[in-house]
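One structure below.
Taken together, the values in this text are just the output of simple stated rules run on the coordinates, not laboratory data. All of these numbers come straight from a predicted model, not from anything done at the bench. Note: ideal-geometry Cβ built from the backbone for every residue, glycine included; neighbour counts use all protein chains shown.
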Amino acid sequence: MSTPDELGPEPSVPPTAGPMEPGRPAPDRPGPRMESPADTPALEPRVGRGPDRRRRPTPRFSRYTLFGGRRRKARRTEEHEGSFVDLYGTRLFALVLWVALMNVADSFFTLVHLQNGGVEANPVAEALLLTGRAPFVLLKSGLIALALVVLSVHKNFQLARVGLWIAAGAYTLLFGYHLFLFRV
């Protein structure tokens, strides 16, 4: 055990020093002298935590993407934005399923309205309609499915999350518009 003489003299505390002033103990409770942040050496990594051991980051598609993935989210919070994972949550699945179902409903209602004398307002859909009914539904569904796959794989990117919610909202509004056209 060391004596007070071995530790050195305790600094005097002026009466105006507050408890949060670096380098001085609070006036009402004695304690060891705290070092200021400038005197503190840089923190060293914890034992077992070295540089990243992976040779490359998680790929967009891997053997785990479709058959039992391993990671649902990034391990560290600072890595979350912009990282790729190979497990997807039920919320994302429900959102993608909603957009896909609304797409199929839009295709169906478009064909019904066209049979009743309606006109297609979307020039891309109008060009797809020139291929025929079945190719129209297959091509439209395939293009939307491709977009949904890309957005799902990039689920940890802000732009992809916004894109998914915008697509869900737009298709919901479009569904409501189709229902409105049936009442008119």
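Numbers below:
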{"quantity": "In nm, spacing of pseudo-spin labels at Val162 and Glu126 (7 Å Cα→C-beta vector)", "calculated": "3.0 nm"}
{"quantity": "For segment 90-183: rounded, prolate or oblate by the Cα gyration tensor [a/c cutoff 1.5]", "calculated": "prolate"}
{"quantity": "Packing rank of 136-144, 108-116, where each peptide gets the mean count of other beta carbons within 10 Å, highest leading", "calculated": "136-144, 108-116"}
